[in-house]
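One structure below.
The values are calculated or read from the model by the stated rules, or taken from the named source; none is laboratory data. Nothing here was measured: the structure is a model prediction, and the numbers come from that model. So basically every Cβ, Gly included, is an ideal-geometry build from the backbone, and we count neighbours across all protein chains shown.
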Amino acid sequence: MRETLREEFEAALRRYRDRTAIEDGERLLTYSDLDRWSAAVAHQLREHGVGAGDPVALYLRNRAEFVVADVAVARLGAVKVPVNHQLPEAAVVHVLTAVGARAMVLGTSLREIGLRAAQHVPGCVVLQVDDGGGPMSGGPASTPELAGLPDLAPPRLAPPPVRPTDRAAVYFTGGTTGKPKGVVHSQRSAVAVQYAQIVEGEIAQDERLLLMTPLAHAAGLFAQSALVRGATCVIRDGFDATEALGLLRGAGITWTFLVPTMIYRLLDVAGEHGGDGELALRTIVYGMAPIAPSRLARGLEVFGRVFVQLFGQTECPNWGTRLAKDDHDLTRPELLGSCGRASIMADVMVVDDAGSPLPAGQTGEICLKAPYTLDGYLDAPEATSAKFLPVSEFVQAGWIRTGDIGFLGDGDYLYLRDRKNDMVISGGMNVYCREVEDALARHPSVARVAVIGVPHDDWGEAVHAVVVPAGELDVPALLAWARNELAAYARPKTVEIVAGLPETPFGKIDKKALRAPHWAARDRAIG
C-alpha cells in the first residue's frame, strides 16, 4: 500500500493519462496535462529553493490552478497549507507566520492581502496566478507568475525521498484563543483519508464530481481522492443554486459535496424550475449538520436515495462516522437525527469527564480513532496532549476528543446532543465564539459581549451576539464595523442588547443560560 501523496498522485497520473482530470469552465485538463503542469510547477518551486518539508501556502479561489499547485506540492514532498480566501488579513498573516511559509501560490483576486501578508515572512517566495482577479501586476520582482501548461515537461530531477511519517499538510482551524490553530497531518494520514473517502464517499472511477465549496476545505480533500481514483473534478468558484441545478441536470454530474444550506437552496430552485433534465446523480455527500426531515423528504423526491452524511473534524477529516444512503429512510425517522455509525477505518467511543468509556445510551464526549487523525497541533504540545485521551487499562493510544457531546444508540448509531467546545457551526463553517468576541470587544461601544449559536432553518446555526453596551450602541454600525474584522461566515447575524450577562458560580459567562431560551423547543443544543 502506498503511504505518501507523491506515490499516490504519480501512479494515478500515469494510469489515467487520457482521462479528463479537471473541468474548470471551458478549460479541460487531462491527467496527462495535469502531470506536465504539476511537474512544471514543482520544478519552478525547486528553482526558487523550495524543497521537501517546506510549507507552501495555497491562497487562491476555486480554480484548476489550485488543484495543479496541490499536486505539485505533493510531488515535491512539500507541506500543503491551504488558506481560506474568506479569512480576514490578520488571520492570513497568522497562518503564514505560524508555519513559516517558504512559498505561497497567490491568486490575483487576493493579491493585495496576499502580498502584504507575505511580507511578514522573510524569504517567502510568491507565485502569482490569475484566478479571476486579472493579470499579474503590482507585485515586487520576487513574485513570478505561476508556470502555465508547458508544451514539454521540464527535466525530471530525482526528488528527495519522502517518508510516510513526514508532514503532508497543516490545516488551520479557528482557535478558542482567537487565533487559528494549525493541525498537522502526516503523509500516511493524508493517504489513509483518501482511501476512506473513496470507500465511504462511494467515489467510482467514472465519477464526475461537482465541487463548489472552497478547495481550501473539505472539497480539496475530495478533489485529491477523485484524482487518485481516476475520476473527473468539475470545479466552480462558489455556489449558485440555479447554476448548480443546471449542472446536475445537464452536465452528467454523478457526485457532489454540499452543506445542508446548499441542499435547501437547491430544493427551493428545483421547486421553481420543475423537473426538466435528467439526473445522473448517484451521490450527495453532506456534512456539518443533519438535514431537516421535511427537507429530506423533498430531497429524496427530487434526487432519489443519494444522500450520505459525514461527521468528522479537521483533526479527523470528514469520516469519523457515516450515515449511509439506506439510512436516509423516512420510515425510520429515529435515524434521521443520527450522524451514522463508525466509518470503515474509524472507531467511535463516548467517554465521561475522566476519559473512561461509557456504555450505550449514556451521554458524554464523543471520541474518535482512525489512521488519519492528526499528528498534533503546530507548536502547541499542551493543546496536543489535551486533544488525545490518556492511555489507560480501558483506553488504547490514539483516541482524540472531538469536543462534541452525544451518545451511542441502538445499532451503534451516534447521536449528537451538544457541543463542549465554544463553537458555532453555521452553513458548514466553524465559527469559534472567542474569536468573534475578541473582535467585537475591540469596538469602543461594547463593554462586554458573549457569542452563541441560535437555531436557523437554513444555516443550522446562526451567530448571535449578546452585548452589554458601553454607552449608546448603534447595532447596524457595529455589524458594518465587523465586516473589516471577521470573515463573512463569522459575523453576527443578530445582536441582542442586555444590561448584564449571566455568570456561573465560578464567575464565567453562563452560555448555557444564554442559549436555553433559543433552543428550548429543540431536542438538542446544536443545529
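For segment 195-214, enumerate the residues that are at pLDDT 95 or above and over 22 Å from residue 18 (Cα atoms).
195, 196, 197, 199, 200, 201, 202, 212 - these are the residues of segment 195-214 that are at pLDDT 95 or above and over 22 Å from residue 18 (Cα atoms).
Here's the yes/no breakdown for (1) surrounded by 15 or more Cβ atoms within 10 Å (Cβ to Cβ); (2) more than 25 Å from the chain's Cα centre (by Cα); (3) within 16 Å of residue 412 (Cβ to Cβ); (4) hydrophobic (A, V, I, L, M, F, W, C):
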| site | (1), (2), (3), (4) |
| --- | --- |
| 354 | no, yes, no, yes |
| 361 | no, yes, yes, no |
| 378 | yes, no, no, yes |
| 390 | no, yes, no, no |
| 393 | no, yes, no, no |
Output the residues belonging to segment 327-385 that are part of a loop (DSSP other than H, G, I, E, B), touching a strand residue (DSSP E or B) at 6+ places or on another chain (Cβ under 8 Å) and hydroxyl-bearing (Ser, Thr, Tyr). 338, 343, 363, 372, 373
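Right, residue 164: at pLDDT 70 or above, assigned to a loop (DSSP other than H, G, I, E, B), more than 26 Å from residue 61 (Cβ to Cβ) and under 28 Å from the mean Cα position of the chain (by Cα) or not? Explain how you work it out, then say what you get.
On the way: at pLDDT 70 or above: yes; assigned to a loop (DSSP other than H, G, I, E, B): yes; more than 26 Å from residue 61 (Cβ to Cβ): yes; under 28 Å from the mean Cα position of the chain (by Cα): yes.
The answer is yes for residue 164.
Can you name the strands (runs of 3 or more DSSP E) wholly within segment 389-484 that have at least 2 residues being more than 24 Å from residue 180 (Cβ to Cβ)?
Values: elements: 400-408, 414-419, 423-426, 429-432, 446-456, 460-469.
Because the criterion is at least 2 residues that are more than 24 Å from residue 180 (Cβ to Cβ), the strands (runs of 3 or more DSSP E) in segment 389-484 that meet it are 400-408, 414-419, 446-456, 460-469.
Please go through segment 322-341 and give me each residue that is small (Gly, Ala, Ser) and either farther than 10 Å from residue 413 by Cβ or not assigned by TED's automatic domain parsing to the domain that holds residue 306 (or both), ordered by number. If you could, list the steps in order and put the result at the bottom.
Of the residues in segment 322-341, the ones small (Gly, Ala, Ser) are 324, 337-338, 340.
Result: 324, single match.
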In this structure, does residue 338 turn out to be buried (at least 18 other Cβ atoms within 10 Å of the Cβ), of a type in the set (Gly, Ala, Ser) and more than 20 Å from the chain's Cα centre (by Cα)? yes
Result of the Cβ filter at 7 Å on segment 314-335, keeping first residues that are over 14 Å from residue 200 (Cβ atoms) and partners that are in a loop (DSSP other than H, G, I, E, B), at least 6 apart or interchain, is 315/373; 315/374; 328/305; 335/329; 335/413
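Within the group 56, 67, 73, which residue is closer than 15 Å to residue 226 by Cα, within 23 Å of the chain's Cα centre (by Cα) and β-branched (Val, Ile, Thr)?
Working: 56 fails: closer than 15 Å to residue 226 by Cα; 73 fails: closer than 15 Å to residue 226 by Cα.
Going through 56, 67, 73 in turn, just one is closer than 15 Å to residue 226 by Cα, within 23 Å of the chain's Cα centre (by Cα) and β-branched (Val, Ile, Thr): 67.
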Taking strands (runs of 3 or more DSSP E) that fall entirely within segment 179-293, which contain at least 3 residues that are in the same structural domain as residue 64 (by TED's automatic domain parsing) and under 28 Å from residue 432 (Cα atoms)? 181-186
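Yes/no matrix, rows are residues, columns are (1) without any contact (Cβ under 8 Å) to a residue 12 or more places away in the chain; (2) hydrophobic (A, V, I, L, M, F, W, C); (3) under 22 Å from residue 197 (Cα atoms):
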position	(1), (2), (3)
349	no, yes, yes
366	no, yes, yes
374	no, yes, yes
384	yes, no, no
390	no, no, no
402	no, no, yes
417	no, no, no
424	no, yes, no
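Across segment 430-450, what is the number of residues that are closer than 30 Å to residue 318 by Cβ and either of a type in the set (Val, Ile, Thr) or surrounded by 22 or more Cβ atoms within 10 Å (Cβ to Cβ) (or both)? It would help to see each step written out before you state the result.
The initial filter retains those residues of segment 430-450 that are closer than 30 Å to residue 318 by Cβ, namely 430-439.
This time we only want the ones that are either of a type in the set (Val, Ile, Thr) or surrounded by 22 or more Cβ atoms within 10 Å (Cβ to Cβ) (or both), so: 431-433, 435-436, 439.
Here the count works out to 6.
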